[in-house]
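One structure below.
Each value in this text was obtained by applying a stated rule to the coordinates, not by laboratory testing. Predicted model, so just to flag it, every value in this text is computed and none were measured. Virtual Cβ from ideal backbone geometry, glycine too; neighbours counted across all protein chains shown.
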Amino acid sequence: MSPRKRKPLRACKRCHFLTTEERCPRCGGETTDSWEGYVAILKVEQSDVAKALGIEEEGEYALQIL
Ligand SMILES: [Zn+2]
């Protein structure tokens with residue numbers, strides 16, 4: 001067990017992008033630590049998940065903001 005605390009991942013309320021920042025580096029939206037479902041979008045144009053979430057760029061996202 002490591003005594004070092006890892007920064008929790010936060011999700012952007014607007015675009016669902018995952019980050020450790022208080023503000024989304026992508027869209028500047030507010031982030032929250034209440035989210036569920038991790039998804040990595042690799043090929044935006046081939047991803048139904050990306051389409052459903054309105055994601056236009058590759059990256060790591062939260063499926064749902066709680
Ligand atoms: Zn965002």
Next on the checklist: Show the residue pairs meeting these rules: Cβ distance below 6 Å; 6+ apart or different chains; first residue within segment 13-38 and more than 16 Å from GLU57 (Cα to Cα) and in a strand (DSSP E or B); second residue charged (D, E, K, R) and near the ligand (Cβ under 8 Å from one of its atoms).
Outcome noted: GLU30/LYS13; THR32/LYS13
Checklist outcome for this item: For VAL44, the lone unmet condition from (1) within 11 Å of the chain's Cα centre (by Cα); (2) surrounded by 12 or more Cβ atoms within 10 Å (Cβ to Cβ) is (1)
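Could you list, in sequence order, the residues of segment 20-48 that are of a type in the set (S, T, N, Q) and either within 8 Å of the ligand (Cβ to nearest atom) or closer than 14 Å to GLN64 by Cβ (or both)?
Our first condition is that a residue be of a type in the set (S, T, N, Q); within segment 20-48, this holds for 20, 31-32, 34, 46-47.
Hits for segment 20-48 are THR31, THR32, SER34.
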Item to check | Top-ranked residue of segment 47-63 - restricted to ones that are closer than 12 Å to ARG14 by Cα and free of Cβ contacts under 8 Å to residues at least 40 places away in the same chain, ranked as surrounded by the fewest Cβ atoms within 10 Å (Cβ to Cβ) | outcome: GLY54
